[in-house]
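One structure is given here, and the rest of the page talks about it.
No lab work stands behind these numbers, since they all come straight from the coordinates. Note that the coordinates shown come from a computational prediction; the quantities given were computed from them, not determined experimentally. Quick reminder, even Gly has a Cβ in these numbers, built from the backbone with ideal geometry, and neighbours come from all protein chains shown.
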Ligand SMILES: [Zn+2]
Ligand SMILES: [Zn+2]
């Protein structure tokens with residue numbers, strides 16, 4: 001498989017002399033298989049030079065599979081300039097996560113409304129199809145593609161592309177689930193030692209990959225003030241990729257405020273850390289024009305998931321119970337979830353929550369940790385002890401960011417663990433991921 005980077009910048013295109021080497025165009029990566037299948041990962045402004053290159057290749061019809069991780073601007077802004085879509089006889093199959101705010105077609109049409117762009121989406125002459133995806137295993141072109149939700153303040157999918165005996169995993173944009181990566185007392189550097197279930201799932205998704213392309217927008221120092229913005233540091237990426245036995249990592253989604261010297265310094269530090277991990281992981285910062293030809297090194301182990309086919313969430317109406325003894329927090333969460341197509345009820349204490357669950361089973365519980373009287377852990381233990389509530393998904397929402405509390409919550413059986421401060425888009429994305437995964441009822 002051939003991999004080529006056309007856009008490596010995050011947030012906003014950043015042209016100029018300071019970004020000449022690593023590049024100023026936003027997210028776009030081209031994959032070409034031995035069979036000639038064309039997969040395009042994200043459609044930031046890098047899609048414009050990619051389109052020019054495809055058009056220059058000749059008269060053959062262009063059949064593009066465009067895999068969009070999420071629909072923030074820096075991942076879709078190049079699409080209106082993707083010139084093959086303006087030619088009859090070409091085709092584009094566009095894939096993206098089903099979101100809570102309209103279909104993929106609706107969102108892409110939005111940025112091409114008359115106010116913003118002279119040609120509307122429906123006027124494009126190429127044959128364009130739209131595919132809203134959830135987590136699972138898909139066939140795109142002739143290629144096996146696994147998808148898994150990332151941690152970002154929008155519904156965001158990571159893609160694992162397995163073809164020609166190699167696996168390329170695209171994880172942009174994503175933020176660590178937990179401040180602490182490792183469980184205290186466990187041997188660091190192993191997937192089983194990862195503290196948060198979300199980070200562990202993330203590591204498993206990239207296991208044994210030949211190439212992982214990962215968001216690493218911030219330095220560890222910058223990240224402290226940019227939590228909940230949905231981006232990673234090289235420290236997190238290198239450690240988790242080493243634990244997952246990844247061969248090579250391309251750090252990408254470079255911050256618009258980082259010039260070439262700064263990104264080169266990140267690359268140097270990431271390489272030192274990778275050496276310390278001692279797994280032979282090769283790491284570099286992706287740059288525009290970078291081309292890799294991946295050859296199989298060992299037998300590819302396909303990614304297996306317990307739930308290869310998830311039903312779409314969009315058509316279902318879910319009931320969520322929010323439990324918190326702080327009236328302000330309770331009101332804030334309820335208001336945020338009521339903006340989505342959910343039925344929301346609320347309880348101000350553990351015993352009240354258990355009574356309400358007994359009367360009417362919700363699809364998901366959002367549960368506070370520290371409550372007067374019966375706390376969240378005690379509620380969890382009660383729920384997990386009864387067969388009828390044993391599989392009920394529970395998202396714990398808490399100010400307790402420390403390792404012992406996180407570990408205790410997962411040991412008590414929480415489905416997900418979200419820490420304060422949190423942003424509303426981040427919470428709604430995590431709620432939606434829990435619901436998409438739930439096979440409950
Ligand atoms: Zn982005
Ligand atoms: Zn984003």
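With the condition kept exactly as written, say whether any residue in the stretch 92-106 is in a strand (DSSP E or B) and within 15 Å of ligand 2 (Cβ to nearest atom). Checking the stretch 92-106: at least one residue is in a strand (DSSP E or B) and within 15 Å of ligand 2 (Cβ to nearest atom).
Taking (1) surrounded by 15 or more Cβ atoms within 10 Å (Cβ to Cβ); (2) within 16 Å of ligand 1 (Cβ to nearest atom) in turn, residue 73 satisfies each apart from (1).
One line per residue, one yes/no per condition, for (1) part of a helix (DSSP H, G or I); (2) under 25 Å from residue 195 (Cβ atoms); (3) touching a residue at least 24 places away in the same chain (Cβ under 8 Å):
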residue	(1), (2), (3)
333	yes, yes, yes
340	no, no, yes
354	yes, no, yes
383	yes, yes, yes
406	yes, yes, yes
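Looking across the stretch 160-189, the residues that are within 16 Å of ligand 2 (Cβ to nearest atom) and either under 19 Å from residue 296 (Cα atoms) or in a loop (DSSP other than H, G, I, E, B) (or both) come down to 170, 172, 173, 174, 175, 176. Residues in the stretch 177-194 include none that are closer than 26 Å to residue 30 by Cα, touching a residue at least 24 places away in the same chain (Cβ under 8 Å), in contact with a helix residue (DSSP H, G or I) (Cβ under 7 Å, 6 or more places away or on another chain) and more than 16 Å from ligand 1 (Cβ to nearest atom). Residue count for the stretch 203-231, restricted to those that are more than 16 Å from ligand 2 (Cβ to nearest atom) and either in contact (Cβ under 8 Å) with a residue 24 or more places away in the chain or not in a helix (DSSP H, G or I) (or both): 14. Out of 31, 41, one residue alone is more than 16 Å from ligand 2 (Cβ to nearest atom), touching a strand residue (DSSP E or B) at 6+ places or on another chain (Cβ under 6 Å) and closer than 30 Å to residue 432 by Cα. It is 31.
Screening residue 49 with (1) within 26 Å of the chain's Cα centre (by Cα); (2) crowded, with 22+ Cβ neighbours inside 10 Å; (3) not in a strand (DSSP E or B) gives one miss only, at (2). For the stretch 54-73, name all the residues that are assigned to a loop (DSSP other than H, G, I, E, B), more than 16 Å from ligand 2 (Cβ to nearest atom) and touching a strand residue (DSSP E or B) at 6+ places or on another chain (Cβ under 8 Å). The answer is 61, 62. Using the structure shown, decide if residue 194 is surrounded by 22 or more Cβ atoms within 10 Å (Cβ to Cβ) and either over 20 Å from residue 209 (Cα atoms) or away from ligand 2 (no atom under 16 Å from the Cβ) (or both). Against the criterion (surrounded by 22 or more Cβ atoms within 10 Å (Cβ to Cβ) and either over 20 Å from residue 209 (Cα atoms) or away from ligand 2 (no atom under 16 Å from the Cβ) (or both)), residue 194 qualifies.
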